[in-house]
1. If I model a spin label as a point 7 Å beyond the Cα along the Cα-Cβ vector, how far apart are those points for residue 352 and residue 89 in nm?
2. How large is ³J(HN,Hα), in whole Hz, for each residue of segment 283-289 in order, when computed from phi with the Karplus curve 6.51 cos²θ - 1.76 cosθ + 1.60 and θ = phi - 60°, using x for Gly and Pro?
3. Beta carbons within 10 angstrom, averaged per residue: use that to sort the peptides 522-532, 174-184, highest first.
4. Put a dot 7 Å past each Cα toward the Cβ at residue 200 and residue 545; how far apart are the dots in nm?
5. Let me know the shape class of segment 239-332, please: from the alpha-carbon gyration tensor, a ≥ b ≥ c as square roots of the eigenvalues, rounded when a/c is under 1.5, otherwise prolate if a/b is greater than b/c, or oblate.
6. Given the peptides 132-141, 442-451, arrange them by the average over their residues of other C-beta atoms within 10 Å, most packed first.
7. Provide the packing ranking of 399-407, 382-390, i.e. peptides ordered by the mean count of other C-beta atoms within 10 Å per residue, highest first.
Amino acid sequence: MSRVESKGKQQAQAVADSGGIMTHRQILFVIFGLMAGMFLSALDQTVVGTSIRTIADDLDGLSQQAWVTTAYLIVSTIATPIYGKLSDIFGRRPLFIIAITIFLFGSIASGFATSIPELAAFRAIQGLGAGGLMALPLAIMGDMLAPRERAKYQGYFLAVFGISSVIGPLIGGLFAGAPEILFITGWRWVFLINIPIGIVALSIVLRFLHLPKRSVNRGVRIDWWGATTVILAVTPLLLVAEQGRDWGWGSASAIACYIIGAIGIAAFIVAERLMGDDALIPLKLFKSQTFSMATVLGVLVGFGMFGALSTIPLYLQLVKGSSPTLSGFQLLPMILGLMISSIVSGQVISRTGQYRIFPILGTAFMGIGFFLFTFITADTSVWYVMIGMLMVGLGLGQLMQTLTIASQNAVGARDIGVATSSSTFFRQIGGTLGVAVIFSVVFSLVPGFIKSAFENKTLAAGVQAAASDPAVLADPKNKGILDIFQAQQTGGTGVGNALNGDTSFLNGADPRLAAPFLHGFSDAMVSGFWVSLIVIGIAFVLSFFLKATPLRQKSALQEVADADAAILAQEAAGLAGALVAPDADSRETVGSGGSKKAS
């Protein structure tokens, strides 16, 4: 047995011997492992955002770029509850190690993709690992710490999330802006950078992440039917959300997805009802009003959050002309707002035990941010956009941890893992739908808005003037737009075709020629922001109905240890009674026999 493994078992045994109570030092050891895994997942989500346009342009697939994000989110969403349930059965640590390993394999494959469909497939493998990296740390935190105590330690996780959110866009921008690094195309390092980070993360997890094994009092049943039917239910519905604009929302393919998805949902509900407590997502969780409402709010907030994180970098790069690196810097207000509000709300929850106000304030701040975004145009100052991002960040910071704590606090100690993974699952559902729906809305409306921009008298005059300028005509950078402009003049479909490849024709083009495209893109994105605003508005109204149950004072490990001790005490008492009873009967028999014999 290695020294690392021996020391880990000693740490786990020490916690078990203490009745589930962990010292500050033991908690920090576990948190080191969780931070490493969360950093890997959080960095990957942010590093891709600012580089996706460069990747899509290089692989000729801007209109398909949503597949890169959607494939990742679909698979990670489906994998999340599976990881949660398996970790309840086999332990959190081995599943966490497996998740990191799968994620690293997907990262290597993504770094050598040669097309958008191929990259999307490899990103799906990454998502298979990311499902565990997102759900398991929250479940482990739920095991170790009481709901009120969690706020004392969440600063460590906020630091990881904040650092990765800040440096992720910057790293993505730097890699995307570099033609070549170590003889490899710059943007490919967006995925390859995960390798050294992942190796460090895996080493830390193997060294520090050790928890006592939880007893299993009943036979183990894996919900294979639940896993199968959740795939059948989720995949076609998310697929049609992404492809509906190309297929047509009433096309045969779309209708087939609706039908298969509906059948999958019905089959999933039946399977979970039959599996009872062994279900992938036990239906008994939804008997709690708090858990149910927190789950609904998580779906809506995930929709707005992922929609914003996907659309805003695209606006900054396409419309405002920001480089990938600069757009990373410009996202800092959102991250700053998230960190500030998370720390403040966490401290208030820790000291008062009250959390009901934060979902209300959080959705209100997010609503203000999206409302500001609806006034964006191609000429809007970046500072105005930053104010909106700050508002969205201030809202998210009050919602992310609060909804998770509410969900965990609403269920029993033995259901922490499945409750956490279920909550994360539904939030990811919302996020996946947010990305798919927002991109579908934006890219389906872009051609029409660009055509309308060409009909604007002021913009059209600028285009005509530029098209008559010999210097403009001679500049090869303007050729792409001039070709589209000519197709537009002759009633062709140049605008639509321009969006099926890349947007590099806008780089360095005369501002007068680019103006109709920039206005078209910005107007289409505003429509996407309106969708997000409506969703967050619904979440704001529902947040008033969240019933805040008092936060528990003990961690799940302590409660499980107490319950196990009570069971052992009862068994011991029963055994003692069984041993005492025969002795009494024996004494009575002997006594009576002796009396009879004496008489």
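Laboratory data are not the source of any read-out in this text; all were calculated from the coordinates shown. Remember, predicted model here, so these are calculated numbers, not experimental data. A quick note on method: Cβ atoms are made from the backbone with ideal geometry, for glycine too, and the neighbour counts reach across all protein chains shown.
1. 4.3
2. These are the phi-based 3J(HN,Hα) values: 5, 5, 4, 7, 6, 7, 4 Hz.
3. Ranking the peptides 522-532, 174-184 by packing returns 522-532, 174-184.
4. Going from the residue 545 label point to the residue 200 one covers 4.6 nm.
5. Taking the square roots of the gyration eigenvalues as a ≥ b ≥ c, segment 239-332 is oblate.
6. Details: 132-141: 27.3, 442-451: 19.8.
Going by the mean number of other Cβ atoms within 10 Å, highest first, we get 132-141, 442-451.
7. My ranking of the peptides, most packed first, is 399-407, 382-390.
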